[in-house]
Amino acid sequence: MVDPIPFDIIRRVGEELLDSGSQGTLASLALASHGAFDAVHDVLYARFEITPKSLAALDLRADDETKERRLRCLRHVKHLAVSWLPDDSALNPLHRQLNAGVSVFPRISSLSMGPVALDQLRMWVPSSYMTDLVCPLPLLLELLARHSSPTLFCASFRLCPSDDWKRHQELATQGQYAMCKRLDALGERWPLQTATFHNVLFQVPPALDCTNRYEFAPHVVDAEYKSLREVLAQQAMEARLLRERTQAALAAGNAGVVGVGSRSNSGAVTPRSDDTPGGYASPARRRSTDEERPSLDEIEGGGKGKEKEKFKLLWGHEATLLPGPDWSIRPWQIALAVKGKFPSRSRERHNETLERTKWEAVNVEGGLYLQEREGADDSGMWWDAGNGVGWAEAAYVIKEDVEMGLAQFLAQREGVDDALLAAIRAKITYTDASKGKDCECCGRPWGQADIYGLAGLVPENVPWERGVTVRSKPC
């Protein structure tokens with residue numbers, strides 16, 4: 001009889017599979033035997049994603065042994081990814097267990113919401129029996145608000161190709177303030193330290209009582225689109241190759257070789273033969289050389305084995321003149337997130353809010369319609385005939401407009417004076433896209449995004465879908 005694999009070896013293998021992202025293989029290992037399940041089930045369920053397919057793990061309408069096994073697994077969840085909000089009816093058995101005092105998600109330290117779940121929350125309509133509640137929530141979020149205590153939270157807005165941004169805005173306007181109110185209700189019941197909002201473009205940004213990190217979306221274009229940097233790089237590469245070929249041909253030629261042929265006594269230029277040492281290639285060979293020339297993607301680290309992507313992300317100067325909202329929407333978004341935390345009330349309450357709340361704007365010029373350069377009129381004010389500011393000055397202009405807007409709106413509220421305004425401005429920071437960092441909540445690498453279409457933005461029933469993952473870090 002073959003000795004079973006030791007418990008610690010199975011667990012080590014499970015941890016290695018988790019670190020390498022091999023969730024499917026880890027799940028297969030857990031199903032190999034009861035011993036393997038006992039060894040790796042806490043590793044397998046350390047990160048749990050709620051999708052239509054994974055709802056079976058939340059279904060407690062089973063025999064006692066199965067129900068206890070599922071509850072035991074859910075107690076090991078440390079990061080919960082809510083990619084889908086199930087119907088309340090599907091969670092009634094879980095709700096009854098929680099009401100009976102059963103602990104389900106006691107170890108959650110971080111929680112993330114995907115674009116589909118965020119759209120569901122935005123368009124969610126409470127049932128009639130919930131009308132007496134101050135801020136009703138879908139049952140899943142209500143259960144999480146009661147029975148879990150995450151310190152990290154992140155939410156990803158739907159990111160679509162830049163050509164569709166106007167249509168996206170029209171479809172996604174409904175329910176934005178309701179969504180912010182619901183997220184704020186969640187934040188009030190959790191001991192959050194950081195809340196990160198990915199892919200913000202035109203949306204009303206939520207503001208929770210913690211460090212709010214707004215990552216503004218880059219431009220999304222077709223993979224075949226050539227940015228200004230790529231065009232210039234391609235031209236430079238072609239010029240370099242032509243220069244190298246010319247120098248090599250001249251070095252290998254003789255005194256009678258001028259250009260691509262030799263000059264006869266009569267002054268006529270005769271093309272060199274392919275057999276002549278140092279002669280230029282024939283047209284057929286020239287075409288072959290062009291075909292074998294490495295592409296820009298291969299030079300920058302890609303290759304023929306790389307899977308062809310449908311979209312790509314553009315940042316900074318690369319994204320100038322691409323479709324997007326006017327620059328003025330960005331200071332409005334930031335100022336709205338800040339001033340909403342300071343209604344008219346006592347100075348002591350304002351100080352309490354200021355102690356636990358910060359705002360960080362990352363890639364503040366991202367996704368906007370920007371010009372390549374900027375001019376100034378006689379008064380020194382920045383202007384642009386193309387209804388946009390220059391990309392190099394966008395961050396400065398937005399920051400100045402935020403400070404002016406806050407001074408205008410907050411100065412009229414009770415408990416707000418110049419000292420508080422200065423303290424509020426000190427709590428707002430701006431981070432360049434090149435200094436963005438990976439999300440400490442969901443682990444998403446900076447410069448990576450999932451691209452979605454607009455088909456899912458329907459009024460009542462958001463269909464489940466996965467986005468197309470694209471990764472392109474800013475320079």
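The values are calculated or read from the model by the stated rules, or taken from the named source; none is laboratory data. A quick note: this is a predicted structure, and the numbers were derived from the prediction, not measured. Heads up, the Cβs are rebuilt from the backbone with ideal geometry, glycines too, and the neighbour counts pull from every protein chain shown.
Among the residues of region 7-27, those identified as modelled with pLDDT under 75 and farther than 16 Å from Ala46 by Cα are Phe7, Asp8.
Listed residues Ala195, Ala217, Ala178, Ala223; which is surrounded by fewer than 16 Cβ atoms within 10 Å (Cβ to Cβ), within 21 Å of Leu159 (Cα to Cα) and in contact (Cβ under 8 Å) with a residue 40 or more places away in the chain?
Working: Ala195 fails: surrounded by fewer than 16 Cβ atoms within 10 Å (Cβ to Cβ); Ala217 fails: surrounded by fewer than 16 Cβ atoms within 10 Å (Cβ to Cβ); Ala178 fails: surrounded by fewer than 16 Cβ atoms within 10 Å (Cβ to Cβ).
Every option except Ala223 fails the conditions.
The number of residues in region 38-81 that are surrounded by 20 or more Cβ atoms within 10 Å (Cβ to Cβ), within 19 Å of Arg146 (Cβ to Cβ) and either among the basic types (Lys, Arg) or without any contact (Cβ under 8 Å) to a residue 60 or more places away in the chain (or both) comes to 4. Considering Leu137, Leu143, Leu183, the condition of being in contact with a Leu (Cβ under 8 Å, 6 or more places away or on another chain), touching a residue at least 12 places away in the same chain (Cβ under 8 Å), assigned to a loop (DSSP other than H, G, I, E, B) and farther than 21 Å from Arg466 by Cβ is satisfied by Leu137 alone.
Being at pLDDT 50 or above, under 23 Å from the mean Cα position of the chain (by Cα) and not in a loop (DSSP other than H, G, I, E, B) is not true of Val231. In the set (1) touching a helix residue (DSSP H, G or I) at 6+ places or on another chain (Cβ under 7 Å); (2) under 16 Å from Ser112 (Cα atoms), the condition left unmet by His198 is number (1). Scan region 207-227 for residues that are more than 16 Å from the chain's Cα centre (by Cα) and not hydroxyl-bearing (Ser, Thr, Tyr) and the total you get is 8.
Modelled with pLDDT under 80 and surrounded by 16 or more Cβ atoms within 10 Å (Cβ to Cβ): is that true of His34 in this structure?
Details: modelled with pLDDT under 80: yes; surrounded by 16 or more Cβ atoms within 10 Å (Cβ to Cβ): no.
For His34, the condition - modelled with pLDDT under 80 and surrounded by 16 or more Cβ atoms within 10 Å (Cβ to Cβ) - is not met.
Pairing each residue of region 317-330 that is assigned by TED's automatic domain parsing to the domain that holds Ser434 with any residue that is among the β-branched types (Val, Ile, Thr) and assigned to a helix (DSSP H, G or I), provided the two are 6+ apart or on different chains, yields C-beta distances under 6 Å for Arg330/Ile398.
From the list Leu71, Leu80, Leu55, the lone residue that is within 29 Å of Ser20 (Cβ to Cβ), among the aliphatic types (A, V, I, L, M), in a strand (DSSP E or B) and modelled with pLDDT of 80 or more is Leu80. Does Glu440 count as at negative phi, in contact with a Ser or Thr (Cβ under 9 Å, 6 or more places away or on another chain) and either surrounded by 13 or more Cβ atoms within 10 Å (Cβ to Cβ) or modelled with pLDDT of 95 or more (or both)? Criteria met by Glu440. Would you say Ala185 is surrounded by 15 or more Cβ atoms within 10 Å (Cβ to Cβ) and over 24 Å from Gly443 (Cα atoms)? It is true that Ala185 is surrounded by 15 or more Cβ atoms within 10 Å (Cβ to Cβ) and over 24 Å from Gly443 (Cα atoms). Any residue at all in region 404-415 that's touching a Phe, Trp or Tyr at 6+ places or on another chain (Cβ under 6 Å), assigned by TED's automatic domain parsing to the domain that holds Pro161 and among the small types (Gly, Ala, Ser)? Checked region 404-415: no residue is touching a Phe, Trp or Tyr at 6+ places or on another chain (Cβ under 6 Å), assigned by TED's automatic domain parsing to the domain that holds Pro161 and among the small types (Gly, Ala, Ser). Listed by first and then second residue, the pairs linking a residue in region 428-453 that is among the basic types (Lys, Arg) to a residue that is outside any helix (DSSP H, G or I), with Cβ atoms under 6 Å apart and 6 or more places separating them unless they lie on different chains, are Lys437/Trp446. For region 447-470, taking the residues that are among the polar types (S, T, N, Q) and closer than 18 Å to Thr51 by Cα, the one that is modelled with the highest pLDDT is identified as Thr469.
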